[in-house]
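Have a look at the structure below, then the notes.
What follows draws every value from the coordinates through simple rules; no lab data is involved. Quantities reported herein were computed from a predicted structural model and do not represent experimental measurements. Here Cβ is always computed from backbone atoms with ideal geometry, including for glycine, and neighbour counts include all displayed protein chains.
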Amino acid sequence: MAVRIQKKITGYSVVAADSADATPQARPDAGDAREAPARSSAEVIQMHERIERPEVLIGSTYKIKSPLVEHAMYVTINDIVLTAGTEHESRRPFEIFINSKSMDHFQWIVALTRIMSAVFRKGGDVTFLVEEMKAVFDPRGGYFKAGGVYMPSLVAELGAIVEEHLKSIGMLHDPEMSPEQRALIEEKRRLYEARSKKNADAAVAAAEAGPVGALLADQGRDGSGEDVAVTGEGTSFPPSATMCHKCSTKAVVVMDGCATCLNCGYSKCG
Ligand SMILES: [Zn+2]
């Protein structure tokens, strides 16, 4: 809300929260008071090409460590806040930069980031970038990230980062999972963990029983210790889990002869 000042400024005073134009008696509760000024100045600004870049933008930098590149890559996505301070305030991506010590991918990364930034600035729905990029496969093969998520290519990983960023600023949302579905996955997971713990305990008990037991038990303990370490480092699913074709995560376990994904709940038996 711009106000053109025609005369010389001779003095000023700071407007306190409770000395606003409306009298305090006219506002029965604080909720109304907060909404009222926002509504009066609500002129929604949409993203378009002619919006000039402010001097300062806020953003986030994500680190990618991929076996396909020697050095880590740092992806910075800067956002612009539109219609700031009103109920229509929205935060949108404005530009993307990728930095890395390795130069092998330099030219296509420069091209890709410039085109992506241009798409961001065009406005409209930019979320299609995520699906397009995540669908890119490297013919030389992809790789697994910590947590067991399969990345079919470096471009796909960039797509996953854009997705994460758009989720963090509220432009994308996870598909709604019903509480029942969530509870079912939790239940299956508990069941699976209980069973594998029982199996591990049985193995240790058997090893400790025999005369050769001491040695075997030590090995058993070492082995299970390693499993825990792997789990602690981001892989929250059993090490033996296989790939889920629905959510690309190594989280499928076989229970009662039925393949079940402990991440998204997908099951072969329905
Ligand atoms: Zn899944």
Original post:
For E43, E163, E55, E87, what's the fewest-to-most ordering of other Cβ within 10 Å of each Cβ?
Top reply: E55, E43, E87, E163
Subject >> Neighbour-count ranking [beta-carbon atoms within 10 angstrom, fewest first] of R195, R92 >> reply: R195, R92
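Assigning unit charges at the beta carbon (Lys, Arg +1; Asp, Glu -1) and nothing else, what dipole magnitude in debye, to the nearest 20, does the stretch 103-217 show about its Cα centre? Write down the numbers at each step before the final one.
On the way: 14 positive and 16 negative charges, 20 e Å.
For the stretch 103-217, the charge dipole is close to 100 debye.
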Subject >> Whether the stretch 40-152 is rounded, prolate or oblate, judged on the alpha carbon gyration tensor where a/c under 1.5 counts as rounded >> reply: prolate
Original post:
About its Cα centre, what dipole magnitude does the stretch 58-168 give when the only charges are +1 on Lys and Arg Cβ and -1 on Asp and Glu Cβ, stated in debye to the nearest 20?
Top reply: 220
Subject >> Pairwise label distance in nanometres, T10 with S196, each label 7 Å out on the Cα-Cβ vector >> reply: 7.9
Original post:
Taking 0.36 nm per intervening residue step and subtracting the Cα-Cα distance, what contour gain separates H71 from Y143 on full extension?
Top reply: 24.4 nm
Subject >> Extreme residue, positive dipole direction of the stretch 58-168, given options T127, S90, S66 (C-beta unit charges) >> reply: S66
Original post:
So who's got an amide H within less than 5 Å of the one on I80, skipping anything under 5 residues away but keeping other chains? H placed 1.01 Å off N, in plane.
Top reply: R92, F94
**OP:** Averaging sequence separations of C-alpha pairs under 8 Å and six or more residues apart, then dividing by the length of the stretch 58-168, give the relative contact order as a whole percent.
**Re:** 20
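Around R190, with a cut-off of 14 angstrom between Cβ atoms, what is the net charge of the other residues, counting Lys and Arg +1 and Asp and Glu -1? Don't jump to the answer; show the numbers that get you there.
On the way: positive: R182, K188, R189, R195, K197, K198; negative: E186, E187, E193.
Within the 14 Å Cβ shell, the charges total +3.
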**OP:** Please turn the phi angles of the stretch 176-192 into ³J(HN,Hα) values with the Karplus equation 6.51 cos²θ - 1.76 cosθ + 1.60 (θ = phi - 60°), one per residue in order, whole Hz, x for glycine and proline.
**Re:** 4, 9, 5, x, 5, 5, 4, 5, 5, 5, 4, 4, 4, 5, 4, 4, 5
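When a footprinting reagent is the concern and you count Cβ atoms within 10 Å, what order do T113, T127 take, fewest first?
Ascending number of Cβ neighbours within 10 Å: T127, T113.
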**OP:** In whole Hz, with x marking every Gly and Pro, tabulate ³J(HN,Hα) for the stretch 76-82 from phi via Karplus 6.51 cos²θ - 1.76 cosθ + 1.60, θ = phi - 60°.
**Re:** 10, 10, 9, 10, 10, 9, 9
Original post:
What list of ³J(HN,Hα) values in whole Hz, one per residue of the stretch 111-118 in order, does the Karplus curve 6.51 cos²θ - 1.76 cosθ + 1.60 (θ = phi - 60°) give from phi, with Gly and Pro shown as x?
Top reply: 4, 4, 5, 5, 5, 5, 4, 4
Original post:
How many angstrom separate the Cα center of the stretch 139-179 from the Cα center of the stretch 248-270?
Top reply: 20
